C-alpha cells in the first residue's frame, strides 16, 4: 500500500505555534493510535539522536517510546512552550521549556534544544535533541 502521507504537504513546522501544537500532540493521543499519529509528523526514515544518552532511534523505536509515554502519563500531564524558533529552508532549530507531572506526583521541568531537518513534504526527517533537566519537585511543595 502506498504511503498516503507522502502525497500531502504539511506545514506544522513552518511556525512556532503550530510546531508547539505538534510537539504537544505527542503526549495527548491514545496509545493505540501512536503510529498513525506520528506518521503525520515524521517520515518513515525518521531518526532521533539523543545527545545526552548517546542513543539513536529509528521511526519504529520512536513510536514505541512515545506509545510508552502515552501509556504512563495521564492526559494533560505534559505542558511545553516553544521559546525560540528558527527556520531556514529545511533546517529548524527550537528550544522549549516543559513541565511533566510524573505518575509518582513529581513535577519535572526541562529545557530542550532540538535541531531538525524537515523533508520536502513537511514532515520531520531527523531530530538531534539535548535535554537539560531542571529539578524534580513533589507536587504541593
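Just so you know, all these numbers are worked out from the coordinates, no wet-lab data involved. Just so we're clear, the structure is a prediction, and the values are computed from it rather than from any experiment. Every residue, glycine as well, gets a Cβ built from its backbone with ideal geometry; the counts of neighbours run over all protein chains shown.
Run the numbers for residue 130 and residue 86: contour at 0.36 nm per residue of separation, minus the present Cα-Cα distance, in nm.
Once the chain is fully extended between residue 130 and residue 86, it gains 14.2 nm.
Please state the relative contact order of the chain as a whole percent: Cα pairs under 8 Å, 6+ residues apart?
Averaging sequence separation for qualifying contacts and normalising by length gives 25 percent for the chain.
Got a sec? Which residues in the stretch 116-135 would a label at residue 104 touch, if it sits 7 Å along Cα→Cβ and we count backbone N under 17 Å?
133-135
Using Cα centres only, tell me the gap between the stretch 11-43 and the stretch 63-115 in whole Å.
So the two Cα centres are separated by 11 Å.
In degrees between 0 and 90, to the nearest 10, how far off the longest principal axis of the chain does helix 59-72 point, with axes built from Cα atoms?
Approximately 30 degrees, to the nearest 10.
For the Cα atoms of the chain, what angle does the longest principal axis make with the long axis of helix 16-25, in degrees from 0 to 90, nearest 10?
Between helix and principal axis, roughly 70 degrees.
For the residue pair residue 65 and residue 51, what label-to-label distance in nm results when each label sits 7 Å from Cα along the Cα-to-beta-carbon direction?
1.5 nm
For a quick protection proxy, order the peptides 17-29, 65-77 by their average other-Cβ count within 10 Å, most packed first.
17-29, 65-77
Going by how many other beta carbons lie within 10 Å of each one, how would you line up 131, 78, fewest first?
131, 78
Here are a few candidate values for Cα extents along the principal axes in Å: [x] 111, 32, 21; [y] 69, 39, 22; [z] 50, 33, 29. Which one was actually calculated from the structure I just gave you?
[z]
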